[in-house]
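A.B. asks: Dropping a structure here in structure tokens format, bear with me for questions.
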Amino acid sequence: MGDMGGMDMNMLDWSKAPQIKKGPGVQMIAPMPMDRTGDPGLGLESVGHRVLVYKDLIALDPNPDPRPPDRAMDIHLTGNMERFIWGFDGWKFSENPPAYSFRAGERVRVTLVNDSMMTHPIHLHGHFFELVHGPVGYLPRKHTVNVMPGGKVSFDFTAEGGDWAFHCHMLYHMHAGMFQVFKVRPVEGAAA
């Protein structure tokens, strides 16, 4: 592919994320993404007091759906800071990417991989999800989760029927393309 506006596309290891659409909206791919839910936020590493992190959280009530996931999927948070392009899996929402599809009642483990150099608070409408750390049956429940640069966060959720907004809660990132739809449809042949 060669040089694209100061970025050498041959330097990206596309094998780490084969579903990502290649193009100028992908500035980097995290070479070794890691779970950073135990890290304090950027700039809070040495503030002189305890900083609450995701791994400190435990649900007060038992999780409503303790089933293991039926399947797993990775979603990459992609961007190009020079061009101010943001998206999921290399797609800006204005490019009409296919929605992420689920079956109603399906239990899914989603792993968000942040391939950018910024923290992104990712929000899923209409659902609470369980972060996949903590005591079994009492996993912390969230609807928005910060994904740190080079980090990954996994969560389990039970798909509820409808079309649900899925986006970065930094609204200027959302407006620049980091928005998608979770499309949840009834199981074929199921009673309505």
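A.B. asks: For region 131-146, which residues satisfy the criterion of being touching a Gly at 6+ places or on another chain (Cβ under 9 Å), part of a loop (DSSP other than H, G, I, E, B) and under 24 Å from MET170 (Cα atoms)?
C.D. replies: Initially, region 131-146 is screened for residues touching a Gly at 6+ places or on another chain (Cβ under 9 Å), giving 133, 140, 143, 146.
When the remaining residues are screened for being part of a loop (DSSP other than H, G, I, E, B), the result is 133, 140, 143.
Answer for region 131-146, where residues must be touching a Gly at 6+ places or on another chain (Cβ under 9 Å), part of a loop (DSSP other than H, G, I, E, B) and under 24 Å from MET170 (Cα atoms): PRO140, HIS143.
A.B. asks: For the structure I just gave you, tell me whether PRO149 is under 19 Å from GLN19 (Cβ atoms) and outside any strand (DSSP E or B).
C.D. replies: Details: under 19 Å from GLN19 (Cβ atoms): no; outside any strand (DSSP E or B): yes.
It is false that PRO149 is under 19 Å from GLN19 (Cβ atoms) and outside any strand (DSSP E or B).
Rundown of residues vs (1) farther than 23 Å from HIS133 by Cβ; (2) modelled with pLDDT of 95 or more; (3) surrounded by fewer than 11 Cβ atoms within 10 Å (Cβ to Cβ), yes/no style:
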| residue | (1), (2), (3) |
| --- | --- |
| ASP8 | yes, no, yes |
| GLY25 | yes, no, no |
| MET32 | no, no, yes |
| LEU44 | no, no, no |
| HIS76 | no, yes, no |
| ARG83 | yes, no, no |
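A.B. asks: Any chance you could count how many residues in region 161-183 are within 14 Å of PHE88 (Cα to Cα), of a type in the set (Gly, Ala, Ser) and either loosely packed, with under 15 Cβ neighbours inside 10 Å or under 12 Å from the mean Cα position of the chain (by Cα) (or both)?
C.D. replies: Of the residues in region 161-183, 1 are within 14 Å of PHE88 (Cα to Cα), of a type in the set (Gly, Ala, Ser) and either loosely packed, with under 15 Cβ neighbours inside 10 Å or under 12 Å from the mean Cα position of the chain (by Cα) (or both).
A.B. asks: Here is a follow-up. Answer yes or no: is there a residue in region 41-51 that is within 21 Å of VAL110 (Cα to Cα), in a loop (DSSP other than H, G, I, E, B) and in contact (Cβ under 8 Å) with a residue 40 or more places away in the chain.
C.D. replies: Of all residues in region 41-51, those within 21 Å of VAL110 (Cα to Cα) come to none.
No, because not a single residue in region 41-51 is within 21 Å of VAL110 (Cα to Cα), in a loop (DSSP other than H, G, I, E, B) and in contact (Cβ under 8 Å) with a residue 40 or more places away in the chain.
A.B. asks: Conditions: (1) under 25 Å from ASP35 (Cβ atoms); (2) more than 14 Å from the chain's Cα centre (by Cα); (3) among the hydroxyl-bearing types (Ser, Thr, Tyr). SER94 meets all but one. Number of the miss?
C.D. replies: (1)
The values are calculated or read from the model by the stated rules, or taken from the named source; none is laboratory data. In this text the structure is predicted, and so the values were computed from the model without any measurement. All Cβ positions, glycine included, derive from the backbone under ideal geometry; neighbour counts span all protein chains shown.
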